[in-house]
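For reference, the structure discussed in these notes is given below.
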Amino acid sequence: MIRVILSALDGGQNGKTGPMVQVYVLPEEHPREAITKGTDTQVCGSCSRRSTASGGDGSCYAAKGSAALAAASAWRKAARENRYLSPIPRKVRYPVRFGAYGDPSRIPANWARELRAKAGRWTGYTEDWKTHVGRGLSSWLMASVNSSHERKLAKALGYRTFRVLAKGETLEPGEIACPASKEAGNRTQCSRCLLCDGKRGPSDHRKDVAIQKH
């Protein structure tokens, strides 16, 4: 079982993303326990940055941060107090960031569809683009890729891509540096850019996005 939690319904104060509703996909047990035991695959899937205990390289910045842990603790507190809130509010005032923690491919399709419809604007990334072929994820999620080879594979499956550049790697044709990144001069925030919202169909020729590894 997984938990899908929305936070920052007021937009929050994330300096890079700007005001966005954050979507956490959390395991039933506390994330710290799942990371230690290697059961984080239930929400992280095949992500190469998942915990070393589950076969990843342990480099996930979201897992190392405190936001996912705080979200899990808040949910547990609400459960103890028998406070179960509606998972999707009637009105979503800010763009949605799918994947503050966990892979959005794990979210039930009807729930994700309703949230996108209410928000109208979002960003999202999946590392499970290889294993969830045919589920329509490319229409709303970027394929998170780690090499030029992976980028070619993902694009052949109909995705736009978000590539993490290793040291010394440069942009390829059809890519731009993330406008909200340090290397691009922090020109904007994700909430205004919204370039990472998947592919709108065969006629969508917008650039892919890349960012230096951090």
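The values are calculated or read from the model by the stated rules, or taken from the named source; none is laboratory data. Keep in mind the model is a prediction, meaning the values are calculated, not measured. Counting neighbours? That spans all protein chains shown, and the Cβs are built from the backbone with ideal geometry, glycine included. Each accessible area value is taken on the protein alone, full model and side chains, heavy atoms only, with ligands, DNA and RNA left out. Shrake-Rupley method; radii C 1.70, N 1.55, O 1.52, S 1.80 Å.
Only one of the numbered conditions (1) of a type in the set (S, T, N, Q); (2) open to solvent by less than 20 Å² (accessible area, probe 1.4 Å); (3) assigned to a loop (DSSP other than H, G, I, E, B) is not met by S144, and that is (3). Residue check: is G168 surrounded by 14 or more Cβ atoms within 10 Å (Cβ to Cβ) and at positive phi? Here the answer is no, as G168 does not meet what is asked. Of the numbered criteria (1) at pLDDT below 95; (2) open to solvent by less than 50 Å² (accessible area, probe 1.4 Å); (3) out of contact with any strand residue (DSSP E or B) (no Cβ under 7 Å at 6 or more places or on another chain), the one Q189 fails is (1).
Is it the case that region 197-211 has a residue that's surrounded by 13 or more Cβ atoms within 10 Å (Cβ to Cβ), small (G, A, S) and not in a loop (DSSP other than H, G, I, E, B)? Scanning region 197-211 turns up at least one residue that is surrounded by 13 or more Cβ atoms within 10 Å (Cβ to Cβ), small (G, A, S) and not in a loop (DSSP other than H, G, I, E, B). Annotation: of all residues in region 156-192 being of a type in the set (A, V, I, L, M) and touching a residue at least 24 places away in the same chain (Cβ under 8 Å), the one that is nearest to P19 (Cα to Cα) is A180.
If the condition is being touching a Leu at 6+ places or on another chain (Cβ under 7 Å) and crowded, with 24+ Cβ neighbours inside 10 Å, then region 108-137 contributes T123, G124, T126, W129. Taking the criterion of being loosely packed, with under 13 Cβ neighbours inside 10 Å and under 25 Å from R187 (Cα atoms), the residues of region 17-66 that qualify are Y61, G65. Scanning region 4-39 for residues that are more than 15 Å from the chain's Cα centre (by Cα) and in a strand (DSSP E or B) yields a total of 1. Contact map, region 4-24: first residue among the basic types (K, R), second residue part of a loop (DSSP other than H, G, I, E, B), Cβ cut-off under 6 Å, separation 6 or more or different chains; pairs are K16/A180.
Residues that are modelled with pLDDT of 95 or more and among the β-branched types (V, I, T) within region 93-125 comprise V96, T123, listed in sequence order.
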